[in-house]
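These notes concern the structure reproduced below.
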Amino acid sequence: MLERRKAYNPPVDWSPTEEGLLLNYLEENSFDSKRLRELFPSRTLPSIRSKVRKLRIKYDLFGTSYRDEKENFTTEIAQIVRPKIVFEAYAGAGHQTFKWIEYSDTVYASEIMKYKLSQFESLAQQNKFKKKKHSGNWYVFEKGEKKIYLCIGDALDAAAELKVNKIKVDLVDLDTCGSTLPLLPTLLLLTKPSHVVITHGEFHSMRFKREDVLRRLFVHKDIAQNPLPMDVDEMSHELDKAIKVAALRAHNETVDSFWLELVKETWLGGRFHGMLRRYYKVKKPRATSDCINEISKK
């Protein structure tokens, strides 16, 4: 029986002085639980982890240690695929957006956190894109014939608008620090891309032994069984299965679902601390039995 996770202590707000100290630490150092506990002796480790994550997102520090690796992988895939239209579901400050636009005509991007707009605008200026106009939640950035449309809102809403406006997407980039597995079937149906690039943040759940989260995400496994313990290689293998199952179940008819074939992958930040970024080619599924037989292999 799983126990519901809950805070055992009443929440205590972080003071501006504490936030400043932690931000200065994060700008120059990687996460070190022992050192951070020494800096903040009155804080629990879960509280410190939570605040670290929030500050990294707010101040665009997330993934700075492996940003070059990620951009190199994005560039490599862009050179192979040469997509005309890209949908980036979780744009953040736009680091990958401006890599995709180098090799495509148009990028549609979405980001739910409003304060990311100023960071995105700053990157747009650096890359010589001019902010032209905005309609509703969509902002338009142009440089010559190239255009970026940024939606400040939910990725699902943005994808639905693309569907309504009959915009043909060549490649979908799902780059989040969490998991996109629950939303993957819907995004595939709405955009119908030929290529998918995905970053697996689920490794954090494995490292923190969040069996409840993994039970929810691994729909190809018995939800009553604990998937842990699991090493990095096993986790990688299970995530590939989860991706294939999610795509196969996108539609009630197999012929209208999708089959994702893994083509390339790279580790961001190292196998035991970072995340896995993968490129899949989207194909039509073979017979249902053939697909299930392949997924069922150990």
Which condition number in (1) out of contact with any Asp or Glu (no Cβ under 6 Å at 6 or more places or on another chain); (2) touching a residue at least 24 places away in the same chain (Cβ under 8 Å); (3) closer than 21 Å to Lys264 by Cβ is the one that Glu19 fails? (3)
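Taking the options Ile198, Ile152, name whichever one is surrounded by fewer than 22 Cβ atoms within 10 Å (Cβ to Cβ) and closer than 20 Å to Phe98 by Cα.
Working: Ile198 fails: surrounded by fewer than 22 Cβ atoms within 10 Å (Cβ to Cβ).
That would be Ile152, the only listed residue that is surrounded by fewer than 22 Cβ atoms within 10 Å (Cβ to Cβ) and closer than 20 Å to Phe98 by Cα.
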Can you find a residue in the stretch 58-74 that is closer than 21 Å to Arg210 by Cα, of a type in the set (Val, Ile, Thr), touching a residue at least 12 places away in the same chain (Cβ under 8 Å) and assigned to a helix (DSSP H, G or I)? no
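Is at least one residue of the stretch 202-215 in the same structural domain as Val263 (by TED's automatic domain parsing), at pLDDT 95 or above and in a loop (DSSP other than H, G, I, E, B)? Spell out how you get there, then give the answer.
As a first pass, look at the stretch 202-215 and keep what is in the same structural domain as Val263 (by TED's automatic domain parsing): 202-215.
In the following step, the residues that additionally are at pLDDT 95 or above were identified as none.
Within the stretch 202-215 (the criterion being in the same structural domain as Val263 (by TED's automatic domain parsing), at pLDDT 95 or above and in a loop (DSSP other than H, G, I, E, B)), the answer is no, since none of the residues qualifies.
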Glu211 among the acidic types (Asp, Glu) and either touching a helix residue (DSSP H, G or I) at 6+ places or on another chain (Cβ under 6 Å) or free of Cβ contacts under 8 Å to residues at least 60 places away in the same chain (or both): no
Quick test of your reading of the structure: Leu228 fulfils all but one of (1) closer than 18 Å to Glu202 by Cβ; (2) touching a residue at least 60 places away in the same chain (Cβ under 8 Å). Name the failing condition by number. (2)
Checked the stretch 258-298 for anything surrounded by 20 or more Cβ atoms within 10 Å (Cβ to Cβ) and either without any contact (Cβ under 8 Å) to a residue 60 or more places away in the chain or among the β-branched types (Val, Ile, Thr) (or both); matches are Pro285
Any residue at all in the stretch 116-128 that's part of a strand (DSSP E or B) and either over 21 Å from the mean Cα position of the chain (by Cα) or hydrophobic (A, V, I, L, M, F, W, C) (or both)? no
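Can you say whether Lys241 is of a type outside the set (Asp, Glu), free of Cβ contacts under 8 Å to residues at least 12 places away in the same chain and out of contact with any Asp or Glu (no Cβ under 6 Å at 6 or more places or on another chain), as far as the supplied structure shows? Outline the logic, then answer.
Working: of a type outside the set (Asp, Glu): yes; free of Cβ contacts under 8 Å to residues at least 12 places away in the same chain: no; out of contact with any Asp or Glu (no Cβ under 6 Å at 6 or more places or on another chain): yes.
The answer is no for Lys241.
Name the single residue, out of those in the stretch 152-187 being assigned to a loop (DSSP other than H, G, I, E, B) and of a type in the set (Asp, Glu), that is farthest from the chain's Cα centre (by Cα). Spell out how you get there, then give the answer.
Step one: list which residues in the stretch 152-187 are assigned to a loop (DSSP other than H, G, I, E, B), which gives 153-154, 165-170, 176-183.
Now restrict to residues that are of a type in the set (Asp, Glu): 154, 170.
Details: Asp154: 13, Asp170: 18 Å.
Within the stretch 152-187, the match that is farthest from the chain's Cα centre (by Cα) is Asp170.
The values are calculated or read from the model by the stated rules, or taken from the named source; none is laboratory data. Here the structure is a predicted model, which means the values were calculated and not measured. Using ideal geometry, Cβ is built from the backbone for each residue, glycine included, and neighbour counts are taken over all protein chains shown.
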